[in-house]
Every structure is written in structure tokens, then in C-alpha cells.
Amino acid sequence: MSDNAEQYRADVFGTADRDLVFRDADFDRIRALIYRRAGIVLAAHKRDMVYSRVGRRVRQQGLARFQDYLTRLEEDPSGPEWEAFTNTLTTNLTAFFREAHHFPLLAEHLRGRGGPVRVWSAGASTGEEPYSIAMTLLETLGDRADIQVLATDIDTEALDRARLGVYPLAQVNKIEESRRRRFFQRGSGRRAGFARVRPEVAARVRFEPLNLVAPGWRVEPPFDAIFCRNVMIYFDRDTQARILERFAPLLKPDGLLFAGHSESFSYISDRFRLRGQTVYTPVR
Ligand SMILES: C[S@@+](CC[C@H](N)C(=O)[O-])C[C@H]1O[C@@H](n2cnc3c(N)ncnc32)[C@H](O)[C@@H]1O
């Protein structure tokens, strides 16, 4: 059989380890749908990842062909499956105090502030980033300060985990000891091997679903800082530019926008200028 015929056979009938029918056309359709829905650009090499993740949804619906699943999805534009479909295609990799140099910078920026302090973690994933921000602010401004961290994400499952605030010790043990003692409670019994973020930290963080590419989102400005790290990498340039345009007026004049280590906004929007390593401030 020629390579093409082999591919055709595999696409139509599935291979030994592929029980579902997944054609190039289905992959292209998924790429178009998730781009329209979430702005996420899925690269061609993500085909296997898509098969495995969306495939679970196809099976869960009792179907054998991606095309049938996708038709159902498209026929019900406001149906609940859209949420599950979107959740499966997000990448939630994160960590406490990830890109550690940002946190002392945030602390120095806000040290001594008397009034309310508001920070937005846009693309908060499973919560490690907004909790790290809240811990930094509590250390810097004290327990009595008026601190609120808004933590949003498109992925509702990630947000559910974030709200729980329970993390494996293997992850929490990477945080320096004094912070660990102050901000976490170790589980025992059934919860051995896990630690929970203390209520005084959790009380400073509000989790809400928010799709950054949806036209209608609203948040309550002004913010002292916005963290949008390792989120824009999934978007194309035009989407990034549109989001930056919307971020700019939400920051205080001296506010800070924190980007991920591989993200650069300098050539995408003239609304921000670089202030330090992957940290921007609005141009007024
Ligand atoms: C790799 S995580 C980054 C988490 C955290 N900011 C960090 O740097 O560790 C990317 C997050 O962006 C979220 N995301 C992707 N597209 C989104 C969109 N259109 N609106 C809001 N969040 C989105 C994903 O659900 C995921 O949780």
C-alpha cells in the first residue's frame, strides 16, 4: 500500500491503537473552532495531542468518529459541551513563584502603598500564579492591607482546582520554607501528601471565568498590575494586539504588565513600553 493509501486507511478506519476515526478534515475543523472560540492557534504538530484529548470527549458521547462529535458541537453553539471541548484544548502548565524575578519587582513597586491594591492574573490556570501574587502582597503590605487579586481563566476545570487551593506536597515543597510555613497548611490522614493554601491567602483571591478573546468581558479597574504570562503565546499577533489594547486603560498610570519569559509585546502594541525584563508599563 502506498503511504497515501495507508494514511487514508488509517484516517478512515483508525489504526490498531486508534479506535476513533480522525481525519485531516476533523483536525482542521477543530483548529478553526478553538481559534474562533478561544483565540488558541493549534500548530500542525499538535495532531496527536488533539486526538488524545478531544478523543476522550468523542468516546464520552458514545461516538466513534470525530466528525459526528464536531457536528453535534456546531449544531449547539451555546451547549455545555463547548466548555468541555475548550477545557481539553488549553495548556495549564504553571507553578508557584514561576519566573521568580517578577515577585520582588511587584513587591518593590507596591511597598508602602496605603490604599487598596488590585492585581489581575489573566490566565490564572490552576491558581499557583494568583496565590503567589497574594502571598507576595501579604508579605509586603501586611495582613491588614486591602488586597484583592482577580484570577481569571477560560478553563473552568482549572478554576475549580484553583478554588480548592490544594496542591501536592511535591509541588509545594519547592517553595522556600518560611513561605511554606506561613501560607500553607499540611494535610494529614486522607489529605497526607497535600497542602492547602491558608484561608487568609485564599480570601484575597477571587476566581472567575473569563475568555480574553470574547468581546464582552468586563473587569473592575484600575489595577496596580496585570499578570498575563504564558497565555499570549497561544494567540496570533492580531489577537495579542487586541488584548493589549484592552489591557492598557485598565492599569493605573504607573501600573505594571507582567509577560511570560518568551513573550515580547514591544513590537505588537505601542500602548506599552518595556520597563524591565518582560515587564511593561502603559504609555499615556
Ligand atoms: C500555560 S497557562 C499559564 C498560567 C500562568 N499564567 C503561568 O504563567 O504560570 C495558560 C493559561 O491560559 C489560559 N487561556 C488560554 N486561552 C485563553 C483565553 N482565550 N482566555 C483566558 N484564558 C485563556 C489557559 O486555560 C491556561 O490556563
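Since every read-out is calculated from the coordinates, none of them should be taken as a lab result. If you're wondering where the values come from, they're calculated on a predicted model, not measured in any experiment. Neighbour counts are summed over all protein chains in view; Cβ atoms, including those assigned to glycine, are modelled from backbone coordinates with ideal geometry.
Table for the structure above
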read-out: Percent of beta bridges antiparallel (DSSP, the chain, rounded to nearest 5); value: 40 percent
read-out: Under Karplus coefficients 6.51, -1.76 and 1.60, residue-wise ³J(HN,Hα) of the stretch 211-220 in Hz, glycine/proline x; value: 9, 4, 9, 6, x, x, 5, 9, 10, 9
read-out: Added length on full extension, which subtracts the Cα-Cα distance from 0.36 nm per residue, residue 78 to residue 206; value: 43.5 nm
read-out: Residues 174, 46 arranged by fewest to most Cβ contacts within 10 Å; value: 174, 46
read-out: Per-pair calculated FRET efficiency, R0 = 25 Å: residue 238 and residue 217 via Cβ, rounded to 0.05; value: 0.90
read-out: Anisotropy class of the stretch 160-208 from Cα gyration tensor, a/c 1.5 cut; value: oblate
read-out: Environment charge at residue 99 (Cβ cut-off 11 Å; Lys +1, Arg +1, Asp -1, Glu -1); value: 0
read-out: Cut-off under 5 Å, modelled amide H: who pairs with residue 217 long-range; value: none
read-out: Degrees separating the helix 66-75 axis from the principal Cα axis of the chain, which is the longest one; value: 60 degrees
read-out: 200, 157 arranged by Cβ crowding within 10 Å, fewest neighbours leading; value: 200, 157
read-out: Angle in degrees between helix 237-247 and the longest Cα principal axis of the chain, rounded to the nearest 10; value: 30 degrees
read-out: Acute angle (nearest 10 degrees) that the helix 47-60 long axis makes with the longest principal axis of the chain, alpha-carbon atoms; value: 80 degrees
read-out: Value of relative contact order over the chain, rounded to a whole percent, pairs C-alpha under 8 Å and six or more apart; value: 15 percent
read-out: Selected from 217, 82, 120 as most flexible by GNM, with the chain as the system and alpha-carbon contacts under 10 Å; value: 217
read-out: Ranked list, fewest to most other Cβ atoms within 10 Å of each Cβ, for 143, 155; value: 143, 155
